[in-house]
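Asker: Next up is a structure, given as structure tokens.
Bear in mind these aren't lab numbers, they're just calculated from the coordinates by the rules spelled out. From a predicted model like this one, the values you see are computed outputs, not experimental measurements. Note that we place each Cβ from the backbone using ideal geometry, even for glycine, and neighbour counts take in every protein chain shown.
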Amino acid sequence: MRARLLFSLVLVLVLLQAIELRGAEPTKKERKPTTITSDHLEVNRKLHWAVYSGDVVLQDRENDITILSDRLEFFFDEKMEEVKKAVAVGSVRVNSGTRRSTSERAEYLPAEQQVVLTGNPKVWQEDDLVSGSKITIFFNEDRAIAEGDGKTRVQAVIHPKKGGKDLKREQESR
């Protein structure tokens with residue numbers, strides 16, 4: 001059971017990599033665009049940031065990822081070419097295939113390859129669920145930490161897979 005929980009948390013890592021807007025180096029094939037729509041966009045090149053607000057929808061067609069939030073903030077390097085930090089705030093939802101998450105805030109730090117979900121974060125892989133008060137994903141380390149805060153405890157709900165390897169392992173261990 002513990003191995004299954006760890007496996008589920010690791011699968012969550014793939015979902016949360018969606019927050020990174022810059023992918024791998026371009027290949028010879030044509031890359032699909034990322035589109036961001038919102039009610040309002042403010043860009044300040046002097047301060048190196050851009051803020052989308054009001055029903056924000058980010059669609060990364062290259063990686064089949066959709067991010068929805070009330071506000072999406074980007075903080076750039078001095079040349080406005082590299083994202084230093086991205087923050088989604090308010091009713092944050094991330095969808096990618098059978099993976100999805102919800103939270104009130106998601107902060108992504110590309111240099112650290114880390115994302116922090118707060119505000120009632122929940123992460124699903126198919127029907128499996130992990131929740132707590134804070135979920136931190138470390139992409140480079142293939143590791144995640146779910147934390148409670150004294151009021152909210154960490155919870156993992158793992159469903160048996162019909163006919164899958166996990167069900168066979170469970171039957172063999174009996």
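Asker: Estimate the FRET efficiency between ASP55 and THR98 by the formula 1/(1 + (r/R0)^6), using the beta-carbon distance for r and 25 Å for R0, to the nearest 0.05. Could the numbers behind the result be given before it?
Answerer: Values: r = 25 Å, r/R0 = 0.99.
Plugging the Cβ-Cβ distance into 1/(1 + (r/R0)^6) gives 0.50.
Asker: Given R₀ = 30 Å, FRET efficiency for VAL154-THR35 by Cβ-Cβ distance, to 0.05? Mind dumping the intermediate values first?
Answerer: Details: r = 35 Å, r/R0 = 1.17.
About 0.30, to the nearest 0.05.
Asker: Taking 22 Å as R0, compute the FRET efficiency from the Cβ-Cβ separation of VAL43 and ASP77 and round it to 0.05.
Answerer: Details: r = 14 Å, r/R0 = 0.66.
Here the calculated transfer efficiency is 0.90.
Asker: Given the pairs LYS29/LYS161; LYS79/LYS151; LYS29/LYS122; LYS29/LYS134; LYS122/LYS161; LYS84/LYS122, which span a C-alpha to C-alpha distance of over 32 angstrom in this model? Write down the numbers at each step before the final one.
Answerer: Working: LYS29/LYS161 36 Å; LYS79/LYS151 43 Å; LYS29/LYS122 35 Å; LYS29/LYS134 38 Å; LYS122/LYS161 20 Å; LYS84/LYS122 25 Å.
In this structure, LYS29/LYS161; LYS79/LYS151; LYS29/LYS122; LYS29/LYS134 exceed 32 Å between Cα atoms.
Asker: How large is ³J(HN,Hα), in whole Hz, for each residue of the range 49-57 in order, when computed from phi with the Karplus curve 6.51 cos²θ - 1.76 cosθ + 1.60 and θ = phi - 60°, using x for Gly and Pro?
Answerer: Karplus values, whole Hz, x for Gly and Pro: 9, 9, 10, 9, 9, x, 6, 6, 10.
Asker: Sticking with this one: Summing Lys, Arg as +1 and Asp, Glu as -1, what charge do residues with Cβ under 9 Å from the Cβ of LEU109 carry, LEU109 excluded? Spell out each step's value before the answer.
Answerer: Details: positive: LYS84, LYS85; negative: GLU107, GLU112.
Here the count lands on 0.
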